[in-house]
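As structure tokens, the structure follows; a few thoughts come after it.
The values are calculated or read from the model by the stated rules, or taken from the named source; none is laboratory data. These numbers come from a predicted model, not from an experiment. Positions of Cβ are backbone-derived with ideal geometry, glycine not excepted, and every protein chain shown enters the neighbour counts.
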Amino acid sequence: MRRARALVASARRIVVLTGAGVSAESGVPTFRGQGGLWKSFRPEELATPSAFARDPRLVWEWYAWRRGLVAECAPNPAHLALARLALSGPTPTTLVTQNVDGLHHRAARDVAGEGGDPSAAFPLEVHGAIHRDRCSGCGALSEAATEVDVASVRTLPRCSVCSALLRPDVVWFGEVLDPDVIGAAFHAAREADLCLVVGTSALVHPAASVPDATARSGGSVIEVNLEPTPLTGRAAVTLLGEAGSLVPALLA
Ligand code: BV8
Ligand code: ZN
């Protein structure tokens, strides 16, 4: 922790990459850990365009359930410490998240408070946002309808413009990421001399390569995780433990 805190203190520019582990202590299930989402489901059944084409009702049932879960969750001390780093820390910081739960945005608003400007702590959401709908036909975006009726295909939400089925505005496997968003993430990572990676299994690309961009331009990587990952070999420091306590301690 001492070495990690020294790296944070001497960093000129910081990029942060978070994964499901940063939201675990908020009660949002991770994908691959114990109790992970993919214990009870299989990614190719749900998080793919072909799954949606084959059985949009089943895919919507999974996302509606996750939306309900996330609505009950609140940012945890790790989200809040990262928002404080980005809003009032001494070092220019860019937050990048693979998560679609919107908890970093909520932490930014909590930390900025009434009348404050939270935008500097809004993350680049490289995999989209579960609470936003996108039209599967014309691409129109809308804030999610509160309740999605997943009783049958006929009751699924449809676009008011072109009447095609709406889908959650997230990036599925086999889909390309928004080039502006992932491009900004890699740009920030190249410019940074420190990449702080919190709670990702570092298995899903291209997001998992963001820390490499910092390392390739001579920067350092600090990893916070319960266990080693493919990134551990390239990290200057790996802090093993829960993000909710390690991240506030690291950034205090
Ligand atoms: C792309 C959004 C170009 C939806 C997600 C074959 C065919 C097609 C594609 C591929 C292929 N082989 C490889 C690929 C590329 C593929 C990929 O990387 N696959 C992997 C699995 C091998 N990537 C893509 O398809 C991407 N698009 O490449 O387009 C293309 C196009 C066509 C063909 C080829 C290439 C799109 C990827 C985006 C997929 N969408 N989610 C949704 O959320 O439903 S991915 C999903 O996994 C989430 O976004 C999540 O963020 C991401 C990564 O998971 P993690 O966040 O790391 O979560 P995980 O549970 O895995 O790990 C949690 C970690 O936290 C653990 O390490 C745990 O120890 C730790 N932890 C737990 N609790 C705590 C903690 N740490 C600290 N404290 C705690 N308390
Ligand atoms: Zn439409």
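Provide a single number: the residues in region 210-247 that are in contact with a helix residue (DSSP H, G or I) (Cβ under 8 Å, 6 or more places away or on another chain), hydroxyl-bearing (Ser, Thr, Tyr) and either farther than 26 Å from Leu177 by Cα or outside any loop (DSSP other than H, G, I, E, B) (or both).
4
Given the options Val148, Val96, Val100, name the one that is touching a strand residue (DSSP E or B) at 6+ places or on another chain (Cβ under 8 Å) and assigned to a loop (DSSP other than H, G, I, E, B). It would help to see each step written out before you state the result.
On the way: Val148 fails: touching a strand residue (DSSP E or B) at 6+ places or on another chain (Cβ under 8 Å); Val96 fails: assigned to a loop (DSSP other than H, G, I, E, B).
Residue meeting the stated conditions: Val100.
Name the single residue, out of those in region 151-175 being assigned to a strand (DSSP E or B) and of a type in the set (A, V, I, L, M), that is nearest to ligand 1 (Cβ to nearest atom). Lay out the reasoning, then the answer.
Going residue by residue through region 151-175, those that are assigned to a strand (DSSP E or B) are 158, 165-170.
When the remaining residues are screened for being of a type in the set (A, V, I, L, M), the result is 165-166, 170.
Details: Leu165: 17, Leu166: 15, Val170: 4 Å.
Selected residue: Val170.
Do we have any residue at all in region 135-145 that's assigned by TED's automatic domain parsing to the domain that holds Asp55, exposed (fewer than 13 other Cβ atoms within 10 Å of the Cβ) and at positive phi?
Yes, that holds for at least one residue.
If you go through region 118-140 one residue at a time, how many are more than 16 Å from ligand 1 (Cβ to nearest atom) and over 20 Å from Ala78 (Cα atoms)?
Step one: list which residues in region 118-140 are more than 16 Å from ligand 1 (Cβ to nearest atom), which gives 118-122, 135, 137-140.
Among the residues that remain, those that are also over 20 Å from Ala78 (Cα atoms) are: 135, 137-140.
So the count comes out to 5.
Name the helices (runs of 4 or more DSSP H) wholly within region 1-76 that hold at least 2 residues that are buried (at least 17 other Cβ atoms within 10 Å of the Cβ) and among the small types (Gly, Ala, Ser)?
Details: elements: 2-10, 21-24, 37-40, 43-46, 49-54, 56-71.
Qualifying helices (runs of 4 or more DSSP H): 21-24.
State which residue is farthest from Leu82 (Cα to Cα) when the search covers only region 187-245 and only residues that are free of Cβ contacts under 8 Å to residues at least 24 places away in the same chain and small (Gly, Ala, Ser).
So, considering only residues that are free of Cβ contacts under 8 Å to residues at least 24 places away in the same chain and small (Gly, Ala, Ser), the one farthest from Leu82 (Cα to Cα) is Gly233.
Restricting region 117-126 to residues that are surrounded by 22 or more Cβ atoms within 10 Å (Cβ to Cβ) and either small (Gly, Ala, Ser) or part of a loop (DSSP other than H, G, I, E, B) (or both), which is farthest from the chain's Cα centre (by Cα)?
Checking each candidate, the answer is Ala121.
Which of the following residues is assigned to a strand (DSSP E or B), closer than 25 Å to Trp62 by Cβ, modelled with pLDDT of 95 or more and charged (D, E, K, R): Arg134, Arg106?
Details: Arg106 fails: assigned to a strand (DSSP E or B).
Being assigned to a strand (DSSP E or B), closer than 25 Å to Trp62 by Cβ, modelled with pLDDT of 95 or more and charged (D, E, K, R) holds for just one of Arg134, Arg106, which is Arg134.
A quick yes/no check of all residues on (1) under 20 Å from Val224 (Cβ atoms); (2) away from ligand 1 (no atom under 16 Å from the Cβ); (3) of a type outside the set (Ser, Thr, Tyr):
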site	(1), (2), (3)
Phe52	no, no, yes
Leu58	no, no, yes
Arg67	no, no, yes
Thr97	yes, no, no
Arg109	no, yes, yes
Gly113	no, yes, yes
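Regarding Leu250, is this residue assigned to a strand (DSSP E or B) and crowded, with 17+ Cβ neighbours inside 10 Å? First the steps, then the outcome.
Working: assigned to a strand (DSSP E or B): no; crowded, with 17+ Cβ neighbours inside 10 Å: yes.
Spelling it out, it is not the case that Leu250 is assigned to a strand (DSSP E or B) and crowded, with 17+ Cβ neighbours inside 10 Å.
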